[in-house]
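Readers should treat all values here as calculations from the given coordinates under stated rules, not as data from a laboratory. Please read these numbers as outputs of a predicted model, since none were measured by experiment. For neighbour counting, all protein chains shown are included, and Cβ atoms are generated from backbone atoms with ideal geometry for every residue, glycine included.
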């Protein structure tokens, strides 16, 4: 997506770019299979909407703080951002971020293997190999290609989710109404709305593994108002597929056939024409690649920045290729653990850790930007 000039179209586009990049990177690891929505919301049944509301509100605030901090101090890579937030302890973010990124690669690999097997009848490892190869190729094309690839994929997938959700909700409307009429939360009978809100707020911590890939797009933002608009868009876009999937899942609640499935969307779409499942497979395949690419790019930028700071040349193409392939291959091997355990345990631990290491310092250091009297411009980091 080209951002140039001062016209109305360009002005609107620059605000959308960080939100679209965030969504493109987040959606594969956060929504593509439907498993994530079950673990972080839908399991609460009629109370699950609270998780989505918490995600939208907390996500918008944190996104604004990230974008405005990066814009004011020109922190366009996560090394500079973490040094600004936690100083000499910035290495803690790497200790959490890189293993979490590998865990996400594992989820993406497992999801791709399952989806291509169930939609096209291909061997599981063909799907795993496919995401490794395509992700590596796109990553090594550079920032401009990544922005375009992720932006297009996000728009297409969002459109797809609307269609898929309408199809599922329309055919299972009666059960959805029953769930909310009876306030059914039988899979978590002892839970209350507070539990759902807390889970949603914790799940926002997943965003801190995504923000590093969006920092390169913050260079397009020109003012505090731009950062605020981009933050609101990010929080809003983040929960659109969440709510669409949540309401679709309520059409099946509490069926173990769906709620115990590694890729619930495939089960929910099985009763529809085969081409629908095929379209789902193509769109989700695109977004799984987009997620892997965004995270890989942020890791490469982090390494390059460290090399620059130590007076050494940045990574050669062969070195970037090696980092990309090794990261993806380790994730592919970990995929054998399975989507359900990776998301239920790995995502929860990673999200909490990132909230502590990145989220709390962000609020403490940058919370002043939420005040009405905060100055429009700030110090520019040297």
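Under the shape rule built on the C-alpha gyration tensor, where the axes satisfy a ≥ b ≥ c, the range 50-109 is oblate, since a/c reaches at least 1.5 while a/b does not exceed b/c.
The modelled label-to-label distance between residue 95 and residue 137, using points 7 Å beyond Cα along the C-beta direction, is 3.9 nm. Can you tell me the length gained on complete extension of the stretch residue 126 to residue 323, counting 0.36 nm per residue apart and subtracting the Cα distance? Using 0.36 nm per residue and subtracting the Cα-Cα distance, I get 68.8 nm. Distance between the C-alpha centres of the range 297-346 and the range 35-93: 21 Å, rounded to the whole angstrom.
Classify the range 153-240 from the C-alpha gyration tensor, please: rounded if a/c falls under 1.5, else prolate or oblate depending on whether a/b exceeds b/c. In terms of gyration-tensor shape, oblate.
Projected over all directions and averaged, the alpha-carbon convex hull of the chain occupies 18.8 nm².
Averaging Cα coordinates gives a centre for the range 176-196 and one for the range 234-266; these two points are 15 Å apart.
For the range 222-283, just say rounded, prolate or oblate: build the C-alpha gyration tensor, square-root its eigenvalues into a ≥ b ≥ c, call rounded for a/c under 1.5, and beyond that prolate if a/b exceeds b/c, oblate if not. Prolate.
Summarise the long-distance tail of P(r) for the range 89-207 by giving the % of C-alpha pairs beyond 25 Å. That fraction is 52 percent. Taking one quarter of the surface of the convex hull spanned by the alpha-carbon atoms of the range 263-359 gives a direction-averaged projected area of 8.8 nm².
Maximal additional length on extending the residue 173-residue 278 stretch stands at 35.4 nm, based on 0.36 nm per residue less the C-alpha distance. When the helices of the chain are scored as -39500 (n - 2.57) per DSSP H run of n ≥ 4 and the total is divided over every residue, the value at 222 nm lands at -23000 deg cm²/dmol.
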